[in-house]
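The values are calculated or read from the model by the stated rules, or taken from the named source; none is laboratory data. Just so we're clear, the structure is a prediction, and the values are computed from it rather than from any experiment. Note that we place each Cβ from the backbone using ideal geometry, even for glycine, and neighbour counts take in every protein chain shown.
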Amino acid sequence: MSNQKWDGIHQSTKAVWAGETDGFFEGVAQVPIVNSVSYNHDDVDEWFEVATGKRKGHIYSRNTNPTVKVFEEKMRVLENAEAATSFATGMAAISNTLFTLLSPGERVVSVKDTYGGTSIVFLEHLPRFDIDVTMCETEDQDEIEAECLKGCTVLYLETPTNPTMKVLDLKRLIAAGKKVGATVVVDNTFATPINQNPLALGADLVVHSATKFIGGHSDALGGVICGKKDLVQKIYAFREINGATLDANSAYLLLRGLKTLKLRIERQNDNAMKLATFLENHQKVDQVFYPGLKNSKGHDIAKNQMRGFSGMLSFSLKGGFDAVRHFLPQIRFAHRAAHLGGVETIVGPPRTTSHVELTEAQRTKLGIPESLIRCSVGIEDIEDIISDFDQALQNI
Ligand SMILES: *Cc1c(COP(=O)(O)O)cnc(C)c1O
């Protein structure tokens, strides 16, 4: 599908309308949830044409499904990509992509602060297939660039990162990747297509855990990859066989969430900025990590490549993990959970969630204080969140 018809159309209009006008069963106005596993073809010649991709249609829902297809089309248009394909989860999207692109003897360059599941693919699984993995210091743009220029098949980036919101210089690193002919993949989960479009900066593929901001309501798992048509086609062919397919019911929930994506993200950007500023000035708070803050390390790069600084921030408390023990139970308006990107505010310490497998020394080495709290700021009225956090901080 061409992007031409979307030229000049803005993100919220795309989120509402992309993929919605293709003509559904009995002219329904809303995308139907198609739970059918297979599709009838009375004419064997037609069936053959659909099966060989010469004619539009579906054969079997592990491969393609009408509801799932609308979700893929919306994401494709939002990332202004040539093609998109979807997965059961974000990790399915990431692992299918890495295993499609990499073969024994090849090399991938990435950073130490990738999402926990991605790190495990790098540390435990790719090496089993004799793939050389180099994980650089996350904010050391010089080191990442230098390692990339030594030669690699894949340059895998993620920005901003979990949990301390480090920022990678996409333009510079993508250029390095191009120089050595690497396929550049960017995990855009934290930023969303509202705040950042890595493909516009030259990346080949962008991956999302749709479970987070894309769905936005914490009730459906999913993943998606958008980018160059030939690459997406190869990854789709691998996914079709290993079976990590997005379910039609989840696709429907993600689609429903997507319609309000821009409204939610603008509100979450705004709320996070206000909460970060409040926390920065609080005497019980030690450090605040948010690329929107002017004195944050990644601010200048973020300002160049992002339209908003996202709804994610983290902060550490004075008084070590004991302070976290006292603070978290007092919060009224936040889930204490290992999740992010929902309409509700969500808080959790990396020490017990994303980085629980590491020792204190390993966390320190990654720059993760023991008293760090990651916060996914929701769409609530920020005055209520700020006064809630304030009373919980006073009571430590
Ligand atoms: C959650 C997350 C993933 C994994 O997504 P799942 O849907 O949980 O499999 C990947 N990358 C980032 C940045 C995430 O936050």
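Numbers below:
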{"quantity": "Among the residues listed as ARG128, ARG107, the single one being touching a strand residue (DSSP E or B) at 6+ places or on another chain (Cβ under 7 Å) and away from the ligand (no atom under 16 Å from the Cβ)", "calculated": "ARG107"}
{"quantity": "Tally of residues being without any contact (Cβ under 8 Å) to a residue 12 or more places away in the chain and among the acidic types (Asp, Glu) across the range 145-169", "calculated": "0"}
{"quantity": "Boolean, THR118 is part of a helix (DSSP H, G or I) and in contact (Cβ under 8 Å) with a residue 60 or more places away in the chain", "calculated": "yes"}
{"quantity": "The listed residue being among the polar types (S, T, N, Q), touching a Phe, Trp or Tyr at 6+ places or on another chain (Cβ under 9 Å), part of a loop (DSSP other than H, G, I, E, B) and outside the structural domain of ILE174 (by TED's automatic domain parsing), out of SER310, SER316", "calculated": "SER310"}
{"quantity": "Top-ranked residue of the range 146-189 - restricted to ones that are surrounded by fewer than 22 Cβ atoms within 10 Å (Cβ to Cβ), closer than 26 Å to ASN80 by Cβ and charged (D, E, K, R), ranked as farthest from the ligand (Cβ to nearest atom)", "calculated": "LYS179"}
{"quantity": "From SER103, SER61, SER119, residue being under 28 Å from THR153 (Cβ atoms), crowded, with 17+ Cβ neighbours inside 10 Å, assigned by TED's automatic domain parsing to the domain that holds MET135 and among the hydroxyl-bearing types (Ser, Thr, Tyr)", "calculated": "SER119"}
{"quantity": "Residue identified as among the small types (Gly, Ala, Ser), assigned to a loop (DSSP other than H, G, I, E, B) and modelled with pLDDT under 95 among ALA361, ALA338", "calculated": "ALA338"}
{"quantity": "Members of the range 35-94 found to be of a type outside the set (S, T, N, Q) and part of a strand (DSSP E or B), listed by number", "calculated": "TYR60, ALA83, ALA84, PHE87"}
{"quantity": "Where THR118 falls short, out of the listed (1) under 18 Å from SER354 (Cα atoms); (2) more than 16 Å from the ligand (Cβ to nearest atom)", "calculated": "(2)"}
{"quantity": "Qualifying residue in the range 252-274 (condition: part of a helix (DSSP H, G or I), surrounded by fewer than 24 Cβ atoms within 10 Å (Cβ to Cβ) and within 14 Å of the ligand (Cβ to nearest atom))", "calculated": "yes"}
{"quantity": "Criterion violated by PHE289 - all others in (1) buried (at least 21 other Cβ atoms within 10 Å of the Cβ); (2) under 25 Å from LEU170 (Cα atoms); (3) modelled with pLDDT under 95 satisfied", "calculated": "(3)"}
